[in-house]
């Protein structure tokens, strides 16, 4: 096998191995439905049947809840218009954010709610630590299906004046023992706001509903499984609608982008017969290039480089001159056979000098045979 063929086969095998690894290793991006680690949403995806939005498809407003979790890129005018159209046609949007770019969407849509941006702590009504406050529906409201929702490094909502006249209502609020840690020292400082604070609210928008939650993490794996309340809360909003997550304003990691591209390419192979045929041809070429029959015979010959059943003349010359290039000896024999010559391969001239040059003799290897 020559160097070019070996390089081509090596590159093909490396590509196949890389695709296999990328296929097997899941994304580690925040809020990824494939991510099984603490910051992913694989558990919620399985428990609630959440799917990722296809960027090329328009979700059905009448049958879809669109979740936007932890957006870290501002919403452009085009994106705001797209979401407004979805809401106006009867869609439901749930924005889950704490310290990201969610307010740019709220401002663009004119929703009378804002995310405060300071961390919400609760030393009494919490799970594990004060950074995991528990939120409940306001007493007597019957909102959120009575769910007990565990939050994770959350913030609070600010309900703007006139929101009630627009139909806004609070779905969840923190306890009276909670506070906003404005200075970030982990404790309550004089003057820092005390609870309860609204942490989830719903606002009618056109024919649809817009829900704001001041925590991006209520569905991540490390929080979702603490109790069933988080799933119950989302179900109370979705009803019988399909739940779809929109990553349009979430920056993907380099590996996440690479994996997404590879999976899309693999999916395209299954969708388009032309690509399958192209891969079949490429695979056949790779098999031909590898020349497995010769490789088998080479192993059968004990790894000497000669093939089992090799021409006796080639074997004789190769064994007599181990320093000569075997591929050139074989090629010479094949050319002579094609031309119909039956003359044996032998060194030409005194001292085998021409043959040594033709067959790549290395100095000192064939000294004994040349004398």
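Values as computed for the structure displayed
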quantity	calculated
When residues of segment 18-47 are limited to those that are touching a helix residue (DSSP H, G or I) at 6+ places or on another chain (Cβ under 9 Å) and part of a helix (DSSP H, G or I), the one farthest from residue 246 (Cα to Cα)	18
Candidates 212, 199, 182, 203, filtered to the one that is more than 23 Å from residue 46 (Cβ to Cβ), surrounded by fewer than 21 Cβ atoms within 10 Å (Cβ to Cβ) and in the same structural domain as residue 52 (by TED's automatic domain parsing)	182
Selection count where residues are under 55 Å from the mean Cα position of the chain (by Cα) and touching a residue at least 24 places away in the same chain (Cβ under 8 Å), scope segment 312-338	9
Count of residues meeting criterion [touching a helix residue (DSSP H, G or I) at 6+ places or on another chain (Cβ under 6 Å) and at pLDDT below 65] in segment 1-17	1
Members of segment 106-124 found to be closer than 23 Å to residue 226 by Cβ, over 32 Å from the mean Cα position of the chain (by Cα) and buried (at least 19 other Cβ atoms within 10 Å of the Cβ), listed by number	121, 122
Residue match in segment 81-94 (condition: assigned by TED's automatic domain parsing to the domain that holds residue 174, more than 27 Å from residue 165 (Cβ to Cβ) and not in a helix (DSSP H, G or I))	no
Elements of type strands (runs of 3 or more DSSP E) contained in segment 188-269, each with 3 or more residues being more than 30 Å from residue 19 (Cβ to Cβ) and under 28 Å from the mean Cα position of the chain (by Cα)	208-213
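Conditions tested, residue by residue: (1) at pLDDT 70 or above; (2) touching a helix residue (DSSP H, G or I) at 6+ places or on another chain (Cβ under 6 Å); (3) surrounded by 13 or more Cβ atoms within 10 Å (Cβ to Cβ).
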position: 227; (1), (2), (3): yes, no, yes
position: 241; (1), (2), (3): yes, yes, yes
position: 254; (1), (2), (3): yes, no, no
position: 260; (1), (2), (3): yes, no, yes
position: 269; (1), (2), (3): no, yes, yes
position: 277; (1), (2), (3): no, no, no
position: 283; (1), (2), (3): no, no, no
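Here is a yes/no grid of residues against (1) surrounded by 20 or more Cβ atoms within 10 Å (Cβ to Cβ); (2) touching a residue at least 24 places away in the same chain (Cβ under 8 Å); (3) not assigned by TED's automatic domain parsing to the domain that holds residue 212:
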| position | (1), (2), (3) |
| --- | --- |
| 139 | no, no, no |
| 156 | yes, yes, no |
| 165 | no, no, no |
| 169 | no, yes, no |
| 172 | yes, yes, no |
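The values are calculated or read from the model by the stated rules, or taken from the named source; none is laboratory data. Fair warning: this is a prediction, and the values are worked out from it, not measured in the lab. Counting neighbours? That spans all protein chains shown, and the Cβs are built from the backbone with ideal geometry, glycine included.
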